[in-house]
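Novice: Handing you a structure now.
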Amino acid sequence: MLWRLPYHFGRYLMMLWQAFSVPENYRMYWKETVRQMYDIGIGSLVIVALISIFIGAVSGLQFIYQLDGQLIPMYYIGYIVRDLAIIELSPTFTNLVLAGKVGSNMTSEIGGMRQKEHIDAMEIMGLNTAAYLVLPRTVAALVVIPMLVAVSAILAILGGYAATVLPGELSHTDYVRGLLTFYNPYNVRMMFIKSYVFAFIMTTVSCYQGYYVKSGSVNLGKASTQAVVYSNILILLADYLLVVLLTSD
Amino acid sequence: MVRTEDIHKTFGDTEVLKGISLTFEKGKTNLIIGRSGAGKTVLLKILVGLIAPTSGTVWYDDINFTQLDKKSLREIRMNIGMLFQGSALFDSMTVEENIRFPMDMFKKMTPGEKLKRVNYCLEVVGLEGINDKYPSEISGGMQKRVGIARAIVLDPEYLFCDEPNSGLDPKTSLVIDELLLNITRLNNTTTIINTHDMNSVMGIGENIALLHQGRVAWQGHNNEIIHSDNELLQSFIFASPFLKELKKKAYGV
């Protein structure tokens, strides 16, 4: 499989080159972008919210367990949950989940259009199909996913609060003190940078898998799986590179 | 008029088309026929630019279609309408939205003008009043007719149809054939139909090309078929013993 990597990468770049060109009709592209924003944003809100609350809750409880009996002050729980959510868990987890939900859906939708000759029909009409199918989805993802990540970070912090303060494991004052301690706005910027990069990877990789799918339902299923697997691998790889890049002095 | 000059197409080690030179005339129903695997669909896709030929040239009147850059290709495609085998209607759109799509994308028209044009095209294909239906809510034959309505909405000079009658009963097939013939006459289009439906061949074939193993095996009008001594043509058109018998009784050949 690895020897095919340059071929796929080249074709992926060519698709992007085609996709990021001047739209034939801004109104139609905008309409499609809004539809995608709704699908990605509203359609994913519940799952992102649920995951975020549990991530925050589990992180809070785990660290209470870890720090119990240590010399580290307990208000650090709020600080750890906040930074974990903002820097790492919310951007990465949200995008990994969205790769499974939104990414595979994009691959199936575009792949289905390819197999049912919808894309050919659009080509014959004179449409730049790569642009019409990829650009609105990418723009929608770049607008909506950072918002989802921000919501996720807030909910994770609230989840941590609910799991630690409400059962009485930690006082309200300690948790809030932790949240306000060592706050660095740069971390929020880092969260948004990660969100944009991950959203771009997830969307374009999924669109690529759908756009070039071969005929047959087996291939469509395979393409959807590959979209999720490759998006996840690339998101984790990008996460590592971004951390190296953004945290180096 | 659409013309091909020595078209070759190779996939891997398999040469699917071996030097196809054909002329498809304006204002006529031009049919490409042949057995499955003869290269009909590949030829049709080369004609509309969905597949590039390995060698050879496609001419649209005096324009070298195979040499066009992407921008010019898109411009000429505004003059092309195509009906796909599976109709290729967009599932998420209503019939009206499907037909309106090319106008929405490329034409500066008021919503009223667009609706008028959609209704006219639906009237041409005999499907008035189904504007709000989704493709999944109408029959296969109706889907084909909506596909034709979408293909002619921009009033194209060239109309391509890939197996327009596949999966349809003989009566509906006749309706589709008649429709394609009428549109060809009405708009003076260069209509190219890829089919292996014998009713279409005998009914509307004004310029027929028989492909066999990637080559043109016969070319002519449907009234030349009965008395042609081309064995490939005869064995293809009158494949069943019933038709052979019928031909013998009717024409004595």
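The values are calculated or read from the model by the stated rules, or taken from the named source; none is laboratory data. Every value quoted in this text rests on a predicted model; they were computed, and no experiment measured them. Neighbour counts are summed over all protein chains in view; Cβ atoms, including those assigned to glycine, are modelled from backbone coordinates with ideal geometry. With ligands, DNA and RNA removed, areas are computed over all heavy atoms of the protein, side chains included. Shrake-Rupley method; radii C 1.70, N 1.55, O 1.52, S 1.80 Å.
Novice: Is it true that some residue in segment B:43-55 is in a helix (DSSP H, G or I), of a type outside the set (Gly, Ala, Ser), within 13 Å of chain A (Cβ to nearest Cβ) and farther than 22 Å from B:Glu25 by Cβ?
Specialist: no
Novice: Here is a further query. Can you say whether B:Ser92 is surrounded by fewer than 20 Cβ atoms within 10 Å (Cβ to Cβ), of a type in the set (S, T, N, Q) and assigned to a helix (DSSP H, G or I), as far as the supplied structure shows? Outline the logic, then answer.
Specialist: On the way: surrounded by fewer than 20 Cβ atoms within 10 Å (Cβ to Cβ): yes; of a type in the set (S, T, N, Q): yes; assigned to a helix (DSSP H, G or I): no.
Judged against the criteria, B:Ser92 is not a match.
Novice: Which is at pLDDT 95 or above, surrounded by fewer than 16 Cβ atoms within 10 Å (Cβ to Cβ) and not in a loop (DSSP other than H, G, I, E, B), of A:Val197, A:Val188? Lay out the reasoning, then the answer.
Specialist: Details: A:Val197 fails: surrounded by fewer than 16 Cβ atoms within 10 Å (Cβ to Cβ).
Within the list A:Val197, A:Val188, the selection yields A:Val188.
Novice: Let me ask something additional. Tell me whether segment A:111-130 contains one or more residues that are more than 13 Å from chain B (Cβ to nearest Cβ), under 16 Å from the mean Cα position of the chain (by Cα) and in a helix (DSSP H, G or I). First the steps, then the outcome.
Specialist: First pass over segment A:111-130, keeping only residues more than 13 Å from chain B (Cβ to nearest Cβ): A:111.
Still in the list and also under 16 Å from the mean Cα position of the chain (by Cα): none.
Scanning segment A:111-130 turns up no residue that is more than 13 Å from chain B (Cβ to nearest Cβ), under 16 Å from the mean Cα position of the chain (by Cα) and in a helix (DSSP H, G or I).
Novice: Can we say B:Arg35 is charged (D, E, K, R), open to solvent by less than 50 Å² (accessible area, probe 1.4 Å), in contact (Cβ under 8 Å) with a residue 12 or more places away in the chain and touching a helix residue (DSSP H, G or I) at 6+ places or on another chain (Cβ under 9 Å)?
Specialist: Values: charged (D, E, K, R): yes; open to solvent by less than 50 Å² (accessible area, probe 1.4 Å): no; in contact (Cβ under 8 Å) with a residue 12 or more places away in the chain: yes; touching a helix residue (DSSP H, G or I) at 6+ places or on another chain (Cβ under 9 Å): yes.
In short, no.
Novice: Output the number of the condition that B:Thr110 fails; it satisfies all remaining conditions of (1) surrounded by fewer than 18 Cβ atoms within 10 Å (Cβ to Cβ); (2) more than 14 Å from chain A (Cβ to nearest Cβ); (3) not small (Gly, Ala, Ser).
Specialist: (2)
Novice: Could I ask something else about it? State which residue is farthest from the other protein chains (Cβ to nearest Cβ) when the search covers only segment B:60-77 and only residues that are outside any helix (DSSP H, G or I) and open to solvent by less than 60 Å² (accessible area, probe 1.4 Å). Don't jump to the end; show me each part of the working.
Specialist: Of segment B:60-77, the ones outside any helix (DSSP H, G or I) are B:60-64, B:68-69.
Applying the additional criterion that residues be open to solvent by less than 60 Å² (accessible area, probe 1.4 Å) yields B:60, B:64, B:68.
Details: B:Tyr60: 13, B:Asn64: 18, B:Leu68: 12 Å.
So the residue we want is B:Asn64.
Novice: To continue, here is another question. Mind checking which helices (runs of 4 or more DSSP H) fall wholly inside segment B:159-253 and carry at least 2 residues that are at pLDDT below 90, among the acidic types (Asp, Glu) and open to solvent by 70 Å² or more (accessible area, probe 1.4 Å)? I'd like the intermediate steps shown before the answer.
Specialist: Numbers: elements: B:170-187, B:198-204, B:231-237, B:241-251.
Output list is empty.
Novice: Let me ask something else about it. Which one of these does B:Glu25 not meet: (1) away from chain A (no Cβ under 13 Å); (2) out of contact with any strand residue (DSSP E or B) (no Cβ under 7 Å at 6 or more places or on another chain); (3) surrounded by fewer than 17 Cβ atoms within 10 Å (Cβ to Cβ)?
Specialist: (2)
Novice: Same structure again: In segment A:28-55, what residues are open to solvent by 30 Å² or more (accessible area, probe 1.4 Å), within 14 Å of chain B (Cβ to nearest Cβ) and either touching a helix residue (DSSP H, G or I) at 6+ places or on another chain (Cβ under 7 Å) or closer than 17 Å to A:Met122 by Cα (or both)?
Specialist: The one that is open to solvent by 30 Å² or more (accessible area, probe 1.4 Å), within 14 Å of chain B (Cβ to nearest Cβ) and either touching a helix residue (DSSP H, G or I) at 6+ places or on another chain (Cβ under 7 Å) or closer than 17 Å to A:Met122 by Cα (or both): A:Lys31.
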